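A.B. asks: Quick one: structure below, then a few questions.
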Amino acid sequence: MKRIFTFSIIAVLAAVVLTSCSKRDYWRDDDPYNDESGITVYISEVGSPYSVIRMDYDGRYAIVYSQESDKYYWPEMNDVIYGDFSVGGGRTLYNKTAGFNIRLEVDEFFDYKNDAVNAVIRREDNEGYAKAFNNTKVSLQRRSGVQPAPIK
C-alpha cells in the first residue's frame, strides 16, 4: 500500500512538472511599423526639418522634426510614415513610400491642418530658418529617378 501511495504521488508530481514545461505558442505582434500610420501633408517651405503629418487613425495633425542630417531622408509630400507617433523624444519610423527608416521627433498634435502649419511657421521664425532661407535657388528632389521636366 505504501508503494502504491508513493508511486501515485510521484506520478502526479511528474505530470504537473511535465505539463507546466510545455511549449506555449503565443501570438506576438513584433512588427514595429504596425503601430500608427500617417501621410505627409505639409513640408517646410524654407528648408527646415519640420513637416506636418496627418494621422490615419484619428485625422489629427502631428508636427514632426526630422533628426536626420541628410535632407534626402526628410519626409516629402504624400510620404506614408509608419511607427510610434508618441509626443517627445526621437524615434525611428518607417517611410513606406521611400522604403527606408527615418529618425523623427513628434513635437505636438493639432486638430486642424492650418493650426499645425501655422505652428510650424512660428517655430521656423523663432529658430531662424526663415531668415536664413535663400530664395534664389529652386531645388527639386525626386526619389523615383525620373528627371523633372524643364521649366519654360
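The values are calculated or read from the model by the stated rules, or taken from the named source; none is laboratory data. Just so we're clear, the structure is a prediction, and the values are computed from it rather than from any experiment. Cβ coordinates were reconstructed from backbone atoms using ideal geometry, including for glycine residues, and neighbour counts include every protein chain displayed.
A.B. asks: Answer with yes or no whether Leu104 is crowded, with 16+ Cβ neighbours inside 10 Å, within 17 Å of the chain's Cα centre (by Cα), closer than 13 Å to Tyr50 by Cα and not acidic (Asp, Glu).
C.D. replies: On the way: crowded, with 16+ Cβ neighbours inside 10 Å: yes; within 17 Å of the chain's Cα centre (by Cα): yes; closer than 13 Å to Tyr50 by Cα: yes; not acidic (Asp, Glu): yes.
The answer is yes for Leu104.
A.B. asks: What are the pairs with Cβ atoms under 6 angstrom where one residue, in region 47-69, is more than 16 Å from Leu93 (Cβ to Cβ) and the other, located anywhere, is assigned to a loop (DSSP other than H, G, I, E, B) and not charged (D, E, K, R)? Sequence gap at least six, or different chains.
C.D. replies: Pairs found: Gly47/Phe133.
A.B. asks: Of all residues in region 50-101, which are among the hydrophobic types (A, V, I, L, M, F, W, C), within 24 Å of Gly128 (Cβ to Cβ) and touching a Leu at 6+ places or on another chain (Cβ under 7 Å)?
C.D. replies: Matches in region 50-101: Val64 only.
A.B. asks: Moving on to the next point. Just to be sure, is Gly99 modelled with pLDDT under 90 and surrounded by fewer than 17 Cβ atoms within 10 Å (Cβ to Cβ)?
C.D. replies: Criteria met by Gly99.
A.B. asks: Which condition number in (1) at pLDDT below 90; (2) exposed (fewer than 14 other Cβ atoms within 10 Å of the Cβ) is the one that Gly83 fails?
C.D. replies: Result: Gly83 fails condition (2) only.
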